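For reference, the structure is listed below as structure tokens.
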Amino acid sequence: MKIRIAGVVGESVVDGPGIRTVVFAQGCPRACIGCHNPETLDPAGGRDMEDIEILRLIEKTKLVKGVTFSGGEPFMQAGAFARLGKKAREKGLDIITYTGYTWEELLEIGKEDPAVRELLEISDYLVDGPFMESRKDLTLAFRGSANQRIINVRESLQKGDVVTADFA
Ligand code: SF4
């Protein structure tokens, strides 16, 4: 299955704990002032890549702990990212998904769109919400602004309420 990507970074230590492969989705419906990746916003930009090729890149990364989906907006291609995430999990890797949507918005959208629910459920952690210049905080680990939360997805779904986590 093809995924529209802005790029793949084989080894990152700034997109979640441990060494991670980061897949940057191409396309985002928002235009946050101060967006850290403005080149990823145009859905017509970037390039297509087969998920199997991305998986090969992930497998090549030594000591990789997990995979981070960033963007752009991974939930714009929820089905393709969920499928890739499932394959990565089968290899024992954890999944962190960054999104401009809030947890609450995704739960609502997921009622109508099973792929959105699937990508949510395949993620171990969700870093949610748009970047807000007014709440920018350089001291935060793995986030740009204070409104963004690191959410433990499984615990939150079990509890029926947001359970936040701390990677720092
Ligand atoms: S949601 Fe993220 S990628 Fe999209 S415009 Fe905002 S900061 Fe940029």
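What follows is calculated from the coordinates using simple rules that are stated; it is not laboratory data. Model, not experiment: these values are computed from the prediction. Note that we place each Cβ from the backbone using ideal geometry, even for glycine, and neighbour counts take in every protein chain shown.
Where strands (runs of 3 or more DSSP E) sit wholly within segment 1-118, those with at least 2 residues that are within 11 Å of the ligand (Cβ to nearest atom) occupy 20-25.
Tallying residues that are in a strand (DSSP E or B) and either within 23 Å of CYS28 (Cα to Cα) or within 14 Å of the ligand (Cβ to nearest atom) (or both) within segment 120-168 yields 9.
A single member of VAL22, VAL14 is more than 12 Å from the chain's Cα centre (by Cα) and β-branched (Val, Ile, Thr), and it is VAL14.
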